[in-house]
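Written below as structure tokens is the structure these notes are about.
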Amino acid sequence: MIVLKSLSKDYGAKRKSVRALDDINLTINKGEIYGIIGHSGAGKSTLIRCINLLERPTQGTVEMDGVKLTELTVSELQEQRRKIGMIFQHFNLLTSATVFENIAFPLKLARKSSSEIEKRVSELLQLVGLADHRDKFPAQLSGGQKQRVGIARALANNPTVLLCDEATSALDPQTTNAILALLLDINQKLGLTIVLITHEMQVIRSICDRVAVIDGGRIVESGQVVDVFLNP
Ligand code: ADP
Ligand code: ADP
């Protein structure tokens, strides 16, 4: 479970600062797919980056499975971050590394042995449907395949939470649907909690359980997707 309490984020020096998040209160349950939607500049990226403390909140607390991330030391936070996977709009793959090496990267950082890495990467390649592409480089893959690598890499250390930052925004509608189906499958198979931010209502409608609408750094509406977006 993720609990955000009175979360605010200001960028810049005091007199000229921009309030990107303003008193966000949010509880995301274990195993749910939670969507955060808003226009460009609404504060979505800042919010998702505050959840794993890539961005340090100006005020408020972030709690994950009972641990207050905002109170941890740098090394404690590094340990907790293993429980959080993240995928990105532009995939953020290592361009000079193969599919295998990209997925192996977080396992190497976690000091796994090469036999453990081999086994885990093979499982992940199966899970995301890329078993035949392990020795290719990112430039040889389609956008959807690159995002599958991104997902496999994010799942490498068995996180309990997956954060998705506009993960389908660079993909065509058909590929978007395939990636959303994969995320849903992973959510059901692994019981993983998924938080996704997007500006596309269709993404929210197709896989989210609950949604928060963010505007000007504030949550202006939240609830079950069917209640928030009544009409097709
Ligand atoms: P979104 O992801 O919804 O497009 P962001 O979280 O990127 O919104 O931005 C929210 C607000 O914070 C915007 O006004 C943006 O210009 C500002 N902002 C975001 N990142 C920074 C930064 N590093 N420095 C200064 N202002 C920022
Ligand atoms: P996104 O595609 O996620 O909306 P943005 O274009 O909002 O990305 O931001 C890209 C990067 O630029 C982020 O790291 C964000 O923090 C930073 N950024 C966004 N707005 C500003 C700003 N007004 N001043 C400085 N940095 C910003």
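Search segment 150-200 for residues being under 22 Å from residue 95 (Cα atoms) and charged (D, E, K, R), and hand back the single one that is surrounded by the fewest Cβ atoms within 10 Å (Cβ to Cβ).
Only one residue fits best here, namely 172.
If you go through segment 35-87, how many residues are within 16 Å of ligand 1 (Cβ to nearest atom) and not aliphatic (A, V, I, L, M)?
So the count comes out to 18.
Collect the residues in segment 205-232 that are under 23 Å from residue 127 (Cα atoms) and in a helix (DSSP H, G or I), keeping them in residue-number order.
Residues satisfying the conditions are 206, 207.
Between 177, 102, 157, which is part of a loop (DSSP other than H, G, I, E, B) and among the polar types (S, T, N, Q)?
Of 177, 102, 157, the one residue that is part of a loop (DSSP other than H, G, I, E, B) and among the polar types (S, T, N, Q) is 157.
Do the conditions hold for residue 118, that is, is it surrounded by fewer than 17 Cβ atoms within 10 Å (Cβ to Cβ), assigned to a helix (DSSP H, G or I), acidic (Asp, Glu) and at pLDDT 95 or above?
It is true that residue 118 is surrounded by fewer than 17 Cβ atoms within 10 Å (Cβ to Cβ), assigned to a helix (DSSP H, G or I), acidic (Asp, Glu) and at pLDDT 95 or above.
Can you tell me which residues in segment 8-23 are within 11 Å of ligand 1 (Cβ to nearest atom) and not in a strand (DSSP E or B)?
Across segment 8-23, the qualifying residues are 12, 13, 16, 17.
Output the number of residues of segment 39-63 satisfying the condition of being in a helix (DSSP H, G or I) and touching a His at 6+ places or on another chain (Cβ under 9 Å). I'd like the intermediate steps shown before the answer.
Just the residues of segment 39-63 that are in a helix (DSSP H, G or I), to begin with: 44-51.
Subsequent filtering for residues that are touching a His at 6+ places or on another chain (Cβ under 9 Å) retains 44.
So the count comes out to 1.
Counting only residues that are touching an Asp or Glu at 6+ places or on another chain (Cβ under 9 Å) and either of a type outside the set (A, V, I, L, M, F, W, C) or surrounded by fewer than 14 Cβ atoms within 10 Å (Cβ to Cβ) (or both), how many does segment 201-214 have?
Residues in segment 201-214 being touching an Asp or Glu at 6+ places or on another chain (Cβ under 9 Å) and either of a type outside the set (A, V, I, L, M, F, W, C) or surrounded by fewer than 14 Cβ atoms within 10 Å (Cβ to Cβ) (or both): 2 in total.
The values are calculated or read from the model by the stated rules, or taken from the named source; none is laboratory data. These numbers were taken from a predicted model, which means no experiment stands behind them. With ideal geometry, Cβ positions are generated from the backbone for all residues, glycine too; neighbour counts draw on all protein chains shown.
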